[in-house]
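Just so it is clear, none of the values below were taken in a lab; they were calculated from the coordinates. As the structure is a prediction and not an experimental result, all values here were calculated from the model. Ideal geometry is used to build each Cβ from the backbone, glycine not excepted, and the neighbour counts take in all protein chains shown.
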Amino acid sequence: MNNSKLPIYLFHQGTNFKSYDFLGTHALKEGYIFRVWAPNAKKISVVGTFNNWEPDKDKMTKISKQGIWEITINANEGDLYKYCITPKDGRVIYKSDPYCVFSQTENETASIVYDINGKYSWNDDNWFKYKSETNIYKSPVNIYEMNLGSWRKNEDNSFLSYRDIAEMIIPYVKEYGYTHIELMPVMEHPFSGSWGYQVCGYFAATARFGKPEDFMYFIDACHKNGIGVILDWVPAHFPKDAHGLCEFDGQPLYESQGDRMEHASWGTRTFDFGRTEIQSFLISNTVFWLDKYHADGLRVDAVSSMLYLDYDKKEGEWTPNEKGGNENFEAVAFLQKLNMNIFKEYPHTLMIAEESTAWPLVTKPVSMGGLGFNFKWNMGWMNDMLEYVSCDPLLRKYMHKNITFSLHYAFSENFILPISHDEVVHGKKSLLDKMPGSYEEKFSGVRVFLGYMMSHPGKKLLFMGSEFGQFKEWDYTSELDFMLLDYEYHKKLSEYTKDLNEFYLREPAFWEIDDSWEGFTWIANDDFTQNIIVFRRIAKSGKEIIVVVNFAPVTRENYRIGVPRAGVYEEVFNSDLQKYGGLGNVNSFQIKSEQIPMHSHPQSISITVPPMAVGYFKYKKSIK
């Protein structure tokens, strides 16, 4: 018992950030010890395959006044179990272990006795050394977002294993030039249609694809190949499945009280962020994935729903905070506590907020009043751009601010530009199918959009399938349509994406100064009648790339742009090359600047601007 006092004390204080080492199921020399927090329970027993699921055999003992229960059982690894809880009202309910590390999946809901310690020998020391020496803010970050269950599948439509996926996805993302993989939630969830966002087993990597050590192998293999792994994490809400966290000991425990309890539109419960034990649970969960699975970062889902008391609520359905506002101060304090402790223990972690409002200082340190994340999805840019590229080019001149407004706030946070799974489902169409025009013009639309995205300040994220032009919306029940790569335009778009990503990786001007005007300067942002913008991206060395983007399906001959210095310029990338599916309108010759003032510069160059295309230009040499 003496060894239990400190972890119990810290858990109830909200500062046990490795509570998974105490609660849950742990191997002893003989048998396993089971511990669970259930303060409102009248009695608890452990039922499972080791006692024929009989409630009266293995009764737990309460070892803390605040409701932690314990028992040692002569169980074996692989045994199934649940907690049989009798609340104060006398009912009998069966719950899975909130701290189980391995669980049945989908329609089966029992926890599995399992010890993940020592199951896998890691080989990623070089990766962590590289991370410790790398300034992520001044490095290229190009994320491939994927769903493990629907990227590839077996011929019978069954799931591939973690190990099989690793063998296929690693050479794929390396060939395309991505730096990270972001996985939609892998934490155990009963309903595949939730895509993993309704979690019941926060500490259990889903058994759909194998055992815990198989997922460790997946991440380790990524690391050995220089690929980071980011996990989606869902602290905003949890489902009401009978075996899960909902009213765990017969009444609300993990969830908030009153009008904060429900996310009505999602049919879920919200965590009580002010309760210290919940803070220990959730922060321990983030540490668990970094500690036991060597994850490189977490993308925190639905942060906006946590921050606002009136999120998705009508007037009269929510209660203002003590200052009369709609801010959830408990959630703010929790997120700050979370990020402070993560960066204290794991300073090179990516903590990424999916936050869709203008909440200030999301990626600023807590000491400055910020939430303490180090990156945030730029949802404003995403919404503006997808509205713009979905519009008929004839009408784009009336929407020109959609492609320029993001620069008003681009350096207020550390942004990631996301084209995620949420943008290619529920009737929103795939990225390719969003584009107006003919079949060929749709591909031109994707090429110019991706070329613009790669050159815009901010790190990058693209959902699987967009790299080769998945035509139909994403369907979690089937694999991507890789057979499209047998068709000319899809194959050419695939090659374009690879070349574009490679260009991004090797050009510091596109990622070295993502957070200030020192890395970006407008040349022309007002040519709305022709749907053209021109800007400079600048590296720390002073070397730069001039970006010309034409969102109109019209070629502009002899288009003149101001340049910062006299000399010879060359086109170093063009999305209209025939090998990419374009028309082949290129500036293949050396372009000499002329002493014709333009765009506040004393010199200018005259170029051909292809239709629906992006071109990148570099200064080559002075004029002799």
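Please list the equivalent ellipsoid semi-axes of the stretch 215-312, computed as the square roots of five times the alpha-carbon gyration tensor eigenvalues, in descending order and whole angstrom.
Working: eigenvalues 174, 44, 28 Å².
Semi-axes from the Cα gyration tensor: 30, 15, 12 Å.
So what is the relative contact order for the stretch 2-112, in percent, with contacts set as C-alpha pairs under 8 Å and at least six apart?
Values: 201 pairs, mean separation 25.9, N = 111.
Relative contact order for the stretch 2-112 comes out at 23 percent.
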Span per principal axis, largest first, for the Cα atoms of the stretch 2-112 (Å) = 35, 35, 28
Simple label model, 7 Å out from Cα along Cβ direction - residue 555 to residue 30, nm | 8.6 nm
Which percentage, to the nearest 5, of the DSSP beta bridges contained in the chain is antiparallel?
-> 70 percent
Taking 563, 199 and counting other beta carbon atoms within 10 angstrom, the fewest-first order is 563, 199
Output the Cα-based Rg and Dmax of the stretch 561-624 in Å, rounding Rg to one decimal and Dmax to a whole number.
-> 12.4, 37
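Over the stretch 138-252, what is the mean sequence separation of C-alpha contacts under 8 Å (at least six apart), divided by residue count, expressed as relative contact order in percent? Could the numbers behind the result be given before it?
Numbers: 163 pairs, mean separation 31.3, N = 115.
Contact order relative to length: 27 percent.
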Would you mind calculating the gained length between residue 133 and residue 56 on full extension (0.36 nm times residue separation, minus the Cα-Cα distance), in nm to one decimal?
-> 22.1 nm
Please identify every one of the GluC sites (Glu not before Pro) in the stretch 394-475 that sits in a loop by DSSP and has no more than 13 other beta carbons within 10 Å of its own beta carbon.
-> none
Fraction of alpha-carbon pairs in the chain farther than 42 Å apart, rounded to whole percent, equals 29 percent
Give me the distance between the Cα centres of the stretch 542-599 and the stretch 217-265, rounded to whole Å.
-> 49 Å
So which chymotrypsin sites (Phe, Trp or Tyr not before Pro) in the stretch 309-387 end up in coil per DSSP with only 10 or fewer other C-beta atoms within 10 Å?
-> none
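Tell me, what are the semi-axes, in whole angstrom and largest first, of the equivalent ellipsoid of the stretch 99-150 as set by the roots of 5 times the Cα gyration tensor eigenvalues?
Result for the stretch 99-150: semi-axes of 33, 19, 9 Å.
Once you keep just the Cα pairs under 8 angstrom separated by 6 or more residues, what percentage relative contact order results for the chain? Write down the numbers at each step before the final one.
Numbers: 1352 pairs, mean separation 64.6, N = 624.
In percent, rounded to a whole number, it is 10.
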